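The values are calculated or read from the model by the stated rules, or taken from the named source; none is laboratory data. Everything numeric here is computed off the predicted structure, so don't read it as measured data. Note: ideal-geometry Cβ built from the backbone for every residue, glycine included; neighbour counts use all protein chains shown. Just so you know, the surface numbers come from the protein's heavy atoms only, side chains and all, with ligands and any DNA or RNA stripped out. Shrake-Rupley method; radii C 1.70, N 1.55, O 1.52, S 1.80 Å.
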Amino acid sequence: MFTGLIEHLGTVLSIVRDEGGCTLTIGDCGAILGDCHVGDSIAVDGACLTVTGFDKVERGGWFSVWLANETLARTDLGERREGEEVNLERAMGADGRFGGHFVQGHVDGTATVVAREADGDSLRLSFGLADGALLGYLIVKGYVTIDGASLTVTQVDDGQGTFDVMLIQHTQATITLGKKAVGARVNVEVDMVA
């Protein structure tokens, strides 16, 4: 279980593919590896993945995860490139504060950024869902997880098959979403309470 509050931005160090999937190695993330163990869950751009190896210091701290073909088909993680930033969140502890909303890390599908519009210091983003059936789980002022970040839905347009979120300045600076261009794909998990 996750909260959708991104803890850290990591950098894709390597992607090694074979017919069974791929190994993804994320670096520059030592800040979240202090209590890491092989087998722990870390959400990478919203997908709950199992740590298969790590080093807390080398290359700024790194960890590796295995992406099965199912994960590659359901998420946009197969499109990641070396040097790209990804959103990271460790699984939440039962003894900590709970911000954000209930996030499983089970990506429901992908969406495409269809519009970006400045609104004062904030940024309004519009998305078109690859699977239009997911739109029925989105409501204005409800939650959606995009690339692992818990966000509030600001608009749903059933006719266009789109939904919007707004990013304040702080959020733009602390997650990857504010840097995504029109046409970029993102991972989406609908609110499990909806």
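Among THR152, VAL113, ALA181, flag the residue with its Cα farthest along the positive direction of the charge dipole of segment 106-194, charges on Cβ as +1 for Lys/Arg and -1 for Asp/Glu.
Farthest towards the positive pole: ALA181.
What percent does the relative contact order of the chain come to when contacts are Cα pairs within less than 8 Å and at least six residues apart?
Computed value for the chain: 25 percent relative contact order.
Regarding segment 25-106, what are the three Cα extents along the principal axes, ordered largest first, in Å?
Principal axes ranked by extent give 35, 30, 21 Å for the Cα atoms.
How much length is gained if the chain between ALA133 and GLU117 is pulled fully straight, taking 0.36 nm per residue apart and subtracting their Cα-Cα distance, in nm to one decimal?
Extra length available between ALA133 and GLU117 comes to 3.2 nm.
Just read off the accessible area of ASP40 with the full protein assembly in place, 1.4 Å probe, to the nearest 10 Å².
Answer for ASP40: close to 50 Å² accessible.
With a cut-off of at most 16 other beta carbons within 10 Å, and DSSP calling the residue loop, which trypsin sites (Lys or Arg not before Pro) in segment 18-84 qualify? Please list them.
Filter output for segment 18-84: LYS56, ARG81.
Give a residue-ordered list of calculated ³J(HN,Hα) values for segment 102-115 (Karplus: 6.51 cos²θ - 1.76 cosθ + 1.60, θ = phi - 60°; whole Hz; x for Gly, Pro).
Result, rounded to whole Hz: 5, 10, 8, x, 9, 4, 7, x, 10, 9, 10, 5, 10, 7.
At 10 °C and 1.306 mPa s, what whole-number value in µm²/s does Stokes-Einstein give for the translational diffusion of the chain, with Rh from the Kirkwood sum over Cα pairs?
After rounding, the answer is 94 µm²/s.
Evaluate 2.2 N^0.38 Å with N set to the residue count of segment 38-80, then give the Cα radius of gyration divided by it.
For segment 38-80, the normalised Cα radius of gyration is 1.21.
I'd like the accessible area for SER14: 1.4 Å probe, protein heavy atoms, all chains in place, Å² to the nearest 10.
Approximately 30 Å² for this residue.
Accessible area per residue of the chain at 1.4 Å probe, in Å²?
47
Rounded to the nearest 10 Å², what accessible area does LEU135 show when all protein chains are kept and the probe is 1.4 Å?
Spelled out: LEU135, probe radius 1.4 Å, area about 20 Å².
Sequence neighbours fewer than 8 away in the same chain don't count; with that in mind, list the aspartates and glutamates whose C-alpha is under 15 Å from LYS141.
Those aspartates and glutamates meeting the cut-off are ASP157, ASP164, ASP191.
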